[in-house]
Amino acid sequence: MEDALRGALLFSSLDDEAAQALKASMSEHVVAKGTVIFAEGDQGDRLYVITKGKVKLGTHATDGRENLLAVLGPGEMFGELSLFDPSPRQATAVALTDSVLLGLANDALQPWLTGRPEVSITLLKALARRMRKGHGALSDLVFTDVPGRVAKALLDLSKKFGVATPEGLRVEHDLTQEELAQLVGASRETVNKALADFAHRNWIVLEQKSVTLIEVERLERRAH
Ligand code: CMP
């Protein structure tokens, strides 16, 4: 089984045999960059685990403005909320890169939830984590200034996608500047100003759709 799946929370409590059986009940979806996997408001009938690539989750305000809730990578799960609480999808999921997903339909998930309590417990854990992160993001919006939130977003992305290089921690986030601003929850201008300031201080090196973190500790201090 691929490392990304073995490391996925959904599979973490299962032995190899059970993990293979769970995988066998899932369907593979190969999606090209830019594909809308589902849209906010759709009826949800399955959850997804990413085995390859990156997916962004975003919402629209009524005035058309977009906000990114998260950028997810290999091993991460999304789309489970509308299974547990049957209601329309809370966000739109779009592939940021060519990606491979495994989909688990609600019908296929049910026997796992009742037959293997450890699967239910790991899913509860995933929900608890999401709630904590949601609260954290909300208080950052209230209490942390834009440069602090930019530093935090870069550090969060580095934890998921960072690769150590001689120059620093290289993070290929695959986000445009507009998307990065949507993730931070601020205007493109203020986010760009913060990025330019960090680059000027040599804390980061900016490239298109990627960034190298040079001074991680300083960014961490700035994020708090
Ligand atoms: P669902 O509502 O089915 O479809 C959209 C999905 O986005 C949702 O399930 C969650 O899996 C995911 N999601 C919602 N809010 C967040 C968040 N704050 N961070 C990460 N993922 C989220």
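The values are calculated or read from the model by the stated rules, or taken from the named source; none is laboratory data. Note that the structure is a prediction, hence the values are computed from the model and not measured. Here the Cβ positions follow ideal geometry from the backbone for every residue, glycine too, while neighbour counts run over all protein chains shown.
General remarks:
- Selection within region 1-59 - farther than 12 Å from L101 by Cα and among the aromatic types (F, W, Y): F11, F38
- Helices (runs of 4 or more DSSP H) within region 126-214 that include 3 or more residues over 14 Å from the mean Cα position of the chain (by Cα) and of a type in the set (A, V, I, L, M): 146-161, 188-200
- Restricting region 25-51 to residues that are assigned to a loop (DSSP other than H, G, I, E, B) and in contact with a helix residue (DSSP H, G or I) (Cβ under 6 Å, 6 or more places away or on another chain), the residue that is nearest to the ligand (Cβ to nearest atom): G44
- Residues that are in contact with a Phe, Trp or Tyr (Cβ under 9 Å, 6 or more places away or on another chain) and in a loop (DSSP other than H, G, I, E, B), drawn from region 86-123: R89, A91
- The residues in region 52-97 that are more than 8 Å from the ligand (Cβ to nearest atom) and more than 15 Å from the chain's Cα centre (by Cα) can be counted, and the count is 10.
- Of residues in region 70-85 being assigned to a loop (DSSP other than H, G, I, E, B) and not charged (D, E, K, R), the one surrounded by the most Cβ atoms within 10 Å (Cβ to Cβ): G79
Yes/no per residue for (1) modelled with pLDDT under 90; (2) among the β-branched types (V, I, T); (3) assigned by TED's automatic domain parsing to the domain that holds L123:
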site: S12; (1), (2), (3): yes, no, yes
site: D16; (1), (2), (3): yes, no, yes
site: S27; (1), (2), (3): no, no, yes
site: K33; (1), (2), (3): no, no, yes
site: F38; (1), (2), (3): no, no, yes
site: D42; (1), (2), (3): no, no, yes
site: L47; (1), (2), (3): no, no, yes
site: T62; (1), (2), (3): yes, yes, yes
site: E76; (1), (2), (3): no, no, yes
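- Per the listing A151, A223, A181, A196, the residue uniquely touching a Lys or Arg at 6+ places or on another chain (Cβ under 8 Å) and without any contact (Cβ under 8 Å) to a residue 12 or more places away in the chain is A181.
- Note on region 133-158: among residues that are within 14 Å of A223 (Cα to Cα) and charged (D, E, K, R), the one that is surrounded by the most Cβ atoms within 10 Å (Cβ to Cβ) is R149.
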